[in-house]
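To start, the structure itself, in structure tokens.
The values are calculated or read from the model by the stated rules, or taken from the named source; none is laboratory data. Everything numeric here is computed off the predicted structure, so don't read it as measured data. Every residue, glycine as well, gets a Cβ built from its backbone with ideal geometry; the counts of neighbours run over all protein chains shown.
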Amino acid sequence: MIDKMKQLWEMKKKMDDLKKELDSLELASEDKLVKVTITGSQEVKCVEIKGDLAGADKGKLEAALADTVNRAVRESQKAAAQKMSALGGIPGLGM
């Protein structure tokens, strides 16, 4: 029982370290209209509109923003999954 508690404690420490790492990781996704920067924990840090808004097509800009945010989120999810898989499981606990 003590060994399993120790393993859980170690896993919690690893997860806390992973969260800090994901919080500091920044990923960017962009196209010709917008650039979105997001952390590994999926917090949007920056949205940059490229060019002048005066002549921009609102519909295209909205679609570009949605697509770019979604790409950034997917990249963030991939990065988090890769880092999580490196942790492995806890032997004997079915994790």
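Filter region 1-40 for residues that are at pLDDT 85 or above and in a loop (DSSP other than H, G, I, E, B); which is surrounded by the most Cβ atoms within 10 Å (Cβ to Cβ)? The qualifying residue surrounded by the most Cβ atoms within 10 Å (Cβ to Cβ) is G40.
If we scan region 57-68, do we find a residue that is assigned to a strand (DSSP E or B), over 30 Å from M1 (Cα atoms) and either over 15 Å from the mean Cα position of the chain (by Cα) or at pLDDT 90 or above (or both)? No, every residue in region 57-68 fails to be assigned to a strand (DSSP E or B), over 30 Å from M1 (Cα atoms) and either over 15 Å from the mean Cα position of the chain (by Cα) or at pLDDT 90 or above (or both). Check whether at least one residue in region 51-61 is closer than 27 Å to A86 by Cβ and either touching a His at 6+ places or on another chain (Cβ under 7 Å) or surrounded by 12 or more Cβ atoms within 10 Å (Cβ to Cβ) (or both), and report yes or no. Looking through region 51-61, none of the residues is closer than 27 Å to A86 by Cβ and either touching a His at 6+ places or on another chain (Cβ under 7 Å) or surrounded by 12 or more Cβ atoms within 10 Å (Cβ to Cβ) (or both).
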